[in-house]
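Notes to accompany the following structure.
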Amino acid sequence: MRVSTVIQSRRDVALSCIILTLVFSPLSLRAQMGWPRGGGDERQVMASPIVVNLDGDLETRSQVLVPKLDGYLYLYDHDGTDFHSPINLNFGGGTISSVAVGDVNGDGDLNIVIVGDNSNAQGARVRVYKLDGSLLAQRTLYSNSNASGKATACVADILQYIDNDRHEAEEIIIRDGRGQVHILYWNETSLDNWLTSSEWSSFMTTNSDSQWDLHGAQSITPSVSVFPISENATYLVVPSTDGRIHHWTISSSVSSTPHANDFVSHAPMDPGEDEDFRFLSSASLADLTGKGGKPEIIVGGNNGKVYVWTYSSGWSMMSGWPRDTGQPVIASPAVADVNGDGNLEIAVSSYNGNVYLFTKDGDDFVPDGHSESPWPVSTGGPVFASPILQEVDGEVGLEVIAASLDGSIYIWRQDGTLLPGWPKRIGEPIYSTPSVMDLHGAGRMSVVFGDFAGYVYCFDLHYRYLPTQSVWPQFRGDIRRRGWVE
């Protein structure tokens, strides 16, 4: 046999091996048919996609919404086709803010809420869209403002009553780059900013800084977290780059309509760190102790520590905390009952490339039947995105899903082992938090995420999942981005 024939034969074998590897390897990029979508130099994805059923079809198939840095909001159907043509957000630039979804005008239909700013990171404003893509309302947060709009908004029913009348719409809660928290409510025709309305004027005069968190403009801006502490009272929490946690309680009922006295004092909590300490992570809220009332506040700092505050006649650091990861914690934690024992666990990702799973007491999680903890687990690069907690493999217990700047998506079982076929290696940095949902309405989970090359991916899992309560399937917990899950 001639040398050239041998070389060609070896090339054919090598090519066959490559093809077999791409087809059968668990690490191959076998995304769901119709995906990925997008791509392009100006279409990078830093925002986290949201998976939500917008059209209410009988098959419960959902849609994927993700804004990109080209300034458009993309809406894809479950199969990767366009659910709606891309929406020009008209912010004057792209946005890293993720979409929130809720009923903003009280008509029973969902609305799409997105925050952004101009190319100079100024002029913060919110835009609200109907499901047909038409603009319902928009509001600039300040006139001639230099405030940025980077933080994801959340949607919640805070003002349940106004003037003793039931206010059916949900409110939009936003924190901007100047450090001010805004509560926008539907006034039957447009959005009003409740904190600058006339009934707040005396309160703001006597307590001029109480609605501010002294944040200052930053490209990474923690969002407001919202938790209902009773039928008529809502708790607002926002970490700040001034190194403190700021929190308020708002009451709204027939007998006591929202007023200055219902806006309980602005009470920062200082973790006692040095002057360079900052909170870059949004807080997550959960009742870790089972006591009810105000939830525990879980948040990471730029010093690499994870803090948990608890309330009992006053705020204090919960026993066993803080825990130190060694490098900044930028992503917000995820909270759920991982092993079904009735106790909540906390998943945290760190810029050191590790993903941690803690018990409520601050210990490393030990799976049932194990004597030692396999946590933390490592990725191949820094982790910017938040982890996800969701049951995906048809077995009791939740999995931990995380994206890394190494260009991979990982799924670990609670014992720290990788799910077969994972990670999926994309090769481009992944800043956005995955959404892990039953996208196709088929009883099987899909992992949806965007990469910095501008593509949106969907990987289907072939296990029939077990429906589980109190899971954390998307960025900030749910479609309203409230920082907690019912």
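The values are calculated or read from the model by the stated rules, or taken from the named source; none is laboratory data. These numbers were taken from a predicted model, which means no experiment stands behind them. All Cβ positions, even for glycine, are placed from backbone atoms using ideal geometry, and neighbour counts span all protein chains on display. Heavy atoms of the whole protein, side chains included, go into the accessibility calculation; ligands, DNA and RNA do not. Shrake-Rupley method; radii C 1.70, N 1.55, O 1.52, S 1.80 Å.
Quick one: count up the residues across the range 417-440 that are open to solvent by 30 Å² or more (accessible area, probe 1.4 Å), in contact (Cβ under 8 Å) with a residue 60 or more places away in the chain and polar (S, T, N, Q).
Counting residues in the range 417-440 that are open to solvent by 30 Å² or more (accessible area, probe 1.4 Å), in contact (Cβ under 8 Å) with a residue 60 or more places away in the chain and polar (S, T, N, Q) gives 0.
What are the residues in the range 470-486 that are farther than 14 Å from Val101 by Cα and either among the acidic types (Asp, Glu) or in contact with a His (Cβ under 8 Å, 6 or more places away or on another chain) (or both), if any?
Residue satisfying the conditions is Glu486 alone.
At pLDDT 60 or above, touching a Gly at 6+ places or on another chain (Cβ under 9 Å) and surrounded by 15 or more Cβ atoms within 10 Å (Cβ to Cβ): does that describe Asp176?
yes
Surrounded by 20 or more Cβ atoms within 10 Å (Cβ to Cβ), at pLDDT below 95 and in a loop (DSSP other than H, G, I, E, B) - does that describe any residue in the range 306-316?
no
Restricting to the range 67-86, count the residues that are among the aliphatic types (A, V, I, L, M) and either open to solvent by 50 Å² or more (accessible area, probe 1.4 Å) or under 14 Å from Glu42 (Cα atoms) (or both). Steps first, please.
Within the range 67-86, the subset among the aliphatic types (A, V, I, L, M) is 69, 73, 75.
Checking the rest, the ones that are also either open to solvent by 50 Å² or more (accessible area, probe 1.4 Å) or under 14 Å from Glu42 (Cα atoms) (or both) come to 69, 73.
Qualifying residue count for the region: 2.
Return the residue satisfying two criteria in turn: it lies in the range 453-486 and is hydroxyl-bearing (Ser, Thr, Tyr) and over 24 Å from Ser223 (Cβ atoms), and of such residues it is least open to solvent (accessible area, probe 1.4 Å).
Tyr457
Could you please find all residues in the range 188-218 being at pLDDT 55 or above and open to solvent by 70 Å² or more (accessible area, probe 1.4 Å)?
Across the range 188-218, the qualifying residues are Glu188, Thr189, Thr196.
Just one of (1) buried (at least 22 other Cβ atoms within 10 Å of the Cβ); (2) out of contact with any Gly (no Cβ under 8 Å at 6 or more places or on another chain); (3) under 18 Å from His78 (Cα atoms); (4) not charged (D, E, K, R) trips up Ala385, so point out which.
Evaluating Ala385 over (1) buried (at least 22 other Cβ atoms within 10 Å of the Cβ); (2) out of contact with any Gly (no Cβ under 8 Å at 6 or more places or on another chain); (3) under 18 Å from His78 (Cα atoms); (4) not charged (D, E, K, R) leaves (3) as the failure.
Identify the single condition in (1) open to solvent by less than 20 Å² (accessible area, probe 1.4 Å); (2) at positive phi that Thr325 does not satisfy, given that it satisfies every other one.
Here Thr325 meets the rest and fails (2).
Assess whether Gln414 counts as being within 25 Å of Gly342 (Cα to Cα), within 19 Å of the chain's Cα centre (by Cα) and either open to solvent by 20 Å² or more (accessible area, probe 1.4 Å) or among the polar types (S, T, N, Q) (or both).
No.
Testing Tyr455 on (1) over 27 Å from Ile173 (Cβ atoms); (2) at pLDDT below 95; (3) out of contact with any Asp or Glu (no Cβ under 6 Å at 6 or more places or on another chain), one condition comes back false. Which one is that?
Condition (2) is where Tyr455 drops out.
Which count do you get for residues in the range 355-386 that are free of Cβ contacts under 8 Å to residues at least 60 places away in the same chain and assigned to a loop (DSSP other than H, G, I, E, B)?
Here the count works out to 21.
Which one of these is open to solvent by less than 40 Å² (accessible area, probe 1.4 Å) and either free of Cβ contacts under 8 Å to residues at least 40 places away in the same chain or of a type in the set (Lys, Arg) (or both): Gly443, Gly450? Spell out how you get there, then give the answer.
Details: Gly450 fails: either free of Cβ contacts under 8 Å to residues at least 40 places away in the same chain or of a type in the set (Lys, Arg) (or both).
Answer to the check: Gly443.
Please specify each residue of the range 341-391 satisfying the condition of being under 20 Å from Phe452 (Cα atoms) and among the aromatic types (Phe, Trp, Tyr). Give the steps one after another, and end with the answer.
Step one: filter the range 341-391 for residues under 20 Å from Phe452 (Cα atoms), giving 349-353, 379-388.
Result: Tyr351, Phe384.
For every residue, the table says whether it meets (1) open to solvent by less than 50 Å² (accessible area, probe 1.4 Å); (2) closer than 21 Å to Asp478 by Cβ.
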site: Asn105; (1), (2): yes, yes
site: Leu110; (1), (2): yes, yes
site: Ser119; (1), (2): no, no
site: Lys130; (1), (2): no, yes
site: Asn164; (1), (2): no, no
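Scanning for something over 30 Å from Arg166 (Cβ atoms), modelled with pLDDT of 85 or more and open to solvent by 10 Å² or more (accessible area, probe 1.4 Å), does the range 253-272 turn up at least one residue?
yes
Name every residue in the range 132-162 that is surrounded by 15 or more Cβ atoms within 10 Å (Cβ to Cβ) and of a type in the set (Asp, Glu), in order of residue number.
Asp157
For the range 126-138, give me each residue that is among the aliphatic types (A, V, I, L, M), touching a residue at least 40 places away in the same chain (Cβ under 8 Å) and part of a strand (DSSP E or B). Full working, then the answer.
Restricting attention to the range 126-138, the residues satisfying the condition of being among the aliphatic types (A, V, I, L, M) are 126, 128, 131, 135-137.
Then drop every residue that is not touching a residue at least 40 places away in the same chain (Cβ under 8 Å), which leaves 126, 128, 131, 137.
Those that are among the aliphatic types (A, V, I, L, M), touching a residue at least 40 places away in the same chain (Cβ under 8 Å) and part of a strand (DSSP E or B): Val126, Val128, Ala137.
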